[in-house]
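Let me begin by presenting the structure, written as structure tokens, before commenting on it.
The values are calculated or read from the model by the stated rules, or taken from the named source; none is laboratory data. From a predicted model like this one, the values you see are computed outputs, not experimental measurements. Note that each Cβ is placed from the backbone with ideal geometry, even for glycine, and that neighbours are counted across all protein chains shown.
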Amino acid sequence: MKRPDSYSLLLLCVVIAQSCFAQDTKPQTVTPPAPQTAESNPKTWKEFASPEGLFSILLPGSPVQQTQQVGSPAGPLDYFAYTLQTEAHSYFVAYVDFPEVPDDARGVKRILDGGRDGAIATINGRLISEGDLSLKGMPGRAITVEGASQLLKARIYLAELRLYLVMIVANKNLSPSTEASSLESATVERFLGSFKLMKRKK
């Protein structure tokens, strides 16, 4: 059985993300809103839990679930995505299970690189920051990608055979002031920082 290579991972991540964000990748002309929005109020955020996905995360609304199958050298793979679109942001969590993954540091890096490249391709952007991170021993990557009209921040994790992508996309024109930028940073961290893994029931 073939292991997922970096090219197939790139295609997989692009398909996952673009299927949810394709409608948001066109440049938009907007009038910057007032700094205070529903999303900036922590009381509007609720925990969303996916027993099937074995994760929970905070969201300012109820996400829509999508399931799709994509081909890979290892055979057809099912991926599951949860998306929430608001006036200011696109929130996105997805995961896919591989039949097997490399058990060495170089192989893990290759998988995370595939997730990163897929996120970059989502908005046809350029990578402006990248760093390794971990979540309860789970290797991960934090990235920031800038497009023509959008800013994407993502965290990618590999939990055994499962690859998670957690992303938020915002229109760059929506945060013109220092106060709005501060609220934007708080929103991004509230979302990305709330991602947790759930224990698998025996």
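Take ASP78 and tell me if it is outside any loop (DSSP other than H, G, I, E, B) and surrounded by fewer than 17 Cβ atoms within 10 Å (Cβ to Cβ).
yes
Which pairs turn up if I take residues in region 101-127 that are within 15 Å of ILE143 (Cβ to Cβ) and touching a residue at least 24 places away in the same chain (Cβ under 8 Å) and look for partners that are part of a loop (DSSP other than H, G, I, E, B) and among the acidic types (Asp, Glu) with beta carbon separation below 9 Å, at least 6 apart in sequence or on another chain?
Pairs that qualify, where the first residue is within 15 Å of ILE143 (Cβ to Cβ) and touching a residue at least 24 places away in the same chain (Cβ under 8 Å) and the partner is part of a loop (DSSP other than H, G, I, E, B) and among the acidic types (Asp, Glu), are GLY114/ASP5.
What are the residues in region 105-163 that are of a type in the set (A, V, I, L, M, F, W, C), in contact with a strand residue (DSSP E or B) (Cβ under 8 Å, 6 or more places away or on another chain), farther than 29 Å from LYS199 by Cβ and part of a loop (DSSP other than H, G, I, E, B), if any?
ILE123, the sole residue that qualifies.
Could you run through region 140-158 and say how many residues are more than 20 Å from TYR91 (Cβ to Cβ) and within 15 Å of the chain's Cα centre (by Cα)?
The total comes to 1.
Which residue out of ASP103, ASP117 is modelled with pLDDT under 90 and over 18 Å from ARG162 (Cβ atoms)?
ASP117
Does LEU192 fit the bill of being modelled with pLDDT of 90 or more, surrounded by 16 or more Cβ atoms within 10 Å (Cβ to Cβ) and not small (Gly, Ala, Ser)?
Yes; evaluated as a whole, the condition is true for this residue.
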